[in-house]
Amino acid sequence: MITPRSAATPPSSPAVRKAVVPAAGLGTRFLPATKATPKEMLPVVDKPAIQYVVEEAAAAGLDDILMVTGRHKRAIEDHFDHAFELEQALAAKGDTVRLDAVRDPARLADIHHIRQGDPLGLGHAVLCARRHVGDQPFAVLLGDDLIDPRETLLSRMLEVREQHAGSVVALMEVSPEQIHLYGCAAVEPSADAGVVRVTGLVEKPPREHAPSSYAVIGRYVLDPAVFGVLDRTPPGRGGEIQLTDALQELATHDIVHGVVFTGLRYDTGDKADYLRTVVRLACERPDLGPEFIAWLKGFVAALESPGHEDGETLAA
Ligand code: UTP
């Protein structure tokens, strides 16, 4: 049983230092690419998706990161480790730019790995982090969910945890047609702009049962009380141990806030969103953008021109 805590209790929250990055899902939406490669390692322009996520955690001051990995543990471990032969070869050539690019992932934070034996659900993946996290609040960043690097969502969530204690989820308004794809929060207003009090959560509700249009997206700052709840959370939707179900219990007995996010977010585990992410980020890259945008304009113009459906060759 969680000790009930009133909203008026002065928070005594220790600073959050640890982040957990679950990356052990099966990635079935992206098969066959994910048959032998975790979806978190799919390249977004020239970095794997999970590197953007780790960079975001490090930028918010989280210097201890635990990856929860699954079948394809090696690819993720290797990416965040040193690659001595490659580094030596680049150093011998004097290619310092690429040498830095190869070294950067291992320098971002203190990175640890733990194995989720069976992908029993996101809640179970978080529970695997219990021993490493201990009795401290911690952040969870989903390894395939990218928040635009210019956004400060995670820092804002950490502030809300510091002010109010309890747990904090990130919420994004989605259309009624999309809500069945997400965890959905019942909310009431709070005194802080852009922050709501979460009174309940439901995983992937049908449109007619959704308590709001607020979808839970892949950033959380959790009180360690979540572990006790997860420990006794039975498999829920899809036969998986759902983090949303544990948060629903926390929202009933403890404090859960939601930070409403209105910025750019990319779900790279979804094929269409993955493609949009790569195109958008490539366009914004100073080294690639100008040439790529010029090509893209020609490509789209050719798509829109009459006759392309008859088999005309698209922009080369
Ligand atoms: P998803 O809901 O995207 O599930 O997981 P999935 O199984 O990876 O992908 P699909 O739906 O089959 O395509 C959200 C996050 O939780 C992690 C995933 O790796 C992803 O980062 N996860 C999910 C785990 O770590 N373990 C699990 O058992 C399930």
The residue that is farthest from the chain's Cα centre (by Cα), considering only those in the stretch 99-138 that are under 18 Å from Val54 (Cα atoms) and of a type in the set (Gly, Ala, Ser), is Ala101
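Can you tell me which residue within the stretch 129-181, out of those that are of a type in the set (Lys, Arg) and more than 19 Å from Pro22 (Cα to Cα), is surrounded by the fewest Cβ atoms within 10 Å (Cβ to Cβ)?
For the stretch 129-181, the residue satisfying everything is Arg150.
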The correct count of residues that are outside any strand (DSSP E or B), within 14 Å of the chain's Cα centre (by Cα) and within 16 Å of the ligand (Cβ to nearest atom) in the stretch 56-91 is 2
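Every residue, every condition in (1) at pLDDT 95 or above; (2) under 24 Å from the mean Cα position of the chain (by Cα), yes or no:
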| position | (1), (2) |
| --- | --- |
| Gly258 | yes, yes |
| Thr277 | yes, yes |
| Arg285 | yes, yes |
| Phe292 | yes, no |
| Glu304 | no, no |
Being surrounded by fewer than 19 Cβ atoms within 10 Å (Cβ to Cβ), of a type in the set (Asp, Glu) and modelled with pLDDT under 95 is the requirement here; does Asp270 meet it?
yes
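So that you can scan it fast, the table gives a plain yes or no per residue for (1) under 21 Å from Tyr266 (Cα atoms); (2) without any contact (Cβ under 8 Å) to a residue 60 or more places away in the chain:
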position	(1), (2)
Lys35	no, yes
Leu42	yes, no
Val45	yes, no
Val53	yes, no
Ala57	yes, no
Leu66	no, no
His72	no, yes
Phe80	no, yes
What strands (runs of 3 or more DSSP E) lie completely within the stretch 132-216 and have 1 or more residues being under 18 Å from Asp273 (Cβ atoms)?
138-141, 145-147, 167-173, 183-189
Only one residue in Gly263, Gly228 is away from the ligand (no atom under 16 Å from the Cβ), outside any helix (DSSP H, G or I) and either in contact (Cβ under 8 Å) with a residue 40 or more places away in the chain or of a type in the set (Lys, Arg) (or both), so which one is that?
Gly263
Any residue in the stretch 199-224 that is surrounded by 17 or more Cβ atoms within 10 Å (Cβ to Cβ) and acidic (Asp, Glu) sitting within a Cβ distance under 7 Å of a residue that is outside any loop (DSSP other than H, G, I, E, B) and modelled with pLDDT of 95 or more? List the pairs, counting only those 6 or more apart or interchain.
Asp223/Ser167
Would the stretch 84-107 turn up any residue that is more than 30 Å from Gly239 (Cα to Cα), free of Cβ contacts under 8 Å to residues at least 60 places away in the same chain and touching a Phe, Trp or Tyr at 6+ places or on another chain (Cβ under 8 Å)?
yes
Would the stretch 156-170 turn up any residue that is at negative phi, of a type in the set (Lys, Arg) and more than 22 Å from the chain's Cα centre (by Cα)?
no
Select from the stretch 15-53 the residues that are away from the ligand (no atom under 12 Å from the Cβ) and in contact with a helix residue (DSSP H, G or I) (Cβ under 7 Å, 6 or more places away or on another chain) and list them in ascending order.
Val16, Lys18, Ala19, Thr37, Val44, Val45, Pro48, Gln51
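The values are calculated or read from the model by the stated rules, or taken from the named source; none is laboratory data. Just so you know, these numbers come straight off a predicted model, no measurement behind them. Virtual Cβ from ideal backbone geometry, glycine too; neighbours counted across all protein chains shown.
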